[in-house]
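None of the figures in this text is laboratory data; all of them are computed from the coordinates on show. In this text, all values refer to a predicted model and were calculated from it rather than measured experimentally. FYI the Cβ positions are ideal-geometry reconstructions off the backbone, even for glycines, and counts take in every protein chain you see.
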Amino acid sequence: MAPDESGALLFPESAVWLGAMVPKRWAKRAVTRNTIKRQIYALGAELSAGLELRAHLVRLRSGFDRAQFHSATSDVLKAAVRSELQQLFVRARANPAPGLRP
């Protein structure tokens with residue numbers, strides 16, 4: 001990883017770092033955002049073995065319709081999130097992004 005302005009490494013260990021961004025504009029209720037983040041971290045822990053040793057950020061880019069997902073913690077919502085995340089992790093393992101190398 002590249003050092004920051006002070007010369008210290010931003011991510012000092014060689015590991016898979018996983019972050020999640022779930023904007024309020026795509027998931028209005030906090031309970032929905034937290035449920036989505038928990039799904040990201042849970043699936044990331046299961047599938048991180050195939051990812052590059054670097055920081056990865058998962059960002060929600062479209063909304064989950066409240067009419068389709070009535071409950072913020074419903075099994076239907078969790079299954080939909082998990083399905084999309086599995087596809088994302090498969091693509092991430094198949095096509096590693098070019099970027100900074102240590």
Honestly the range 17-93 on the Cα gyration tensor test (a ≥ b ≥ c root eigenvalues; a/c under 1.5 rounded, otherwise a/b vs b/c for prolate or oblate) is just prolate
Going by how many other Cβ atoms sit within 10 Å of their own, how do K24, K78 line up, fewest first?
-> K24, K78
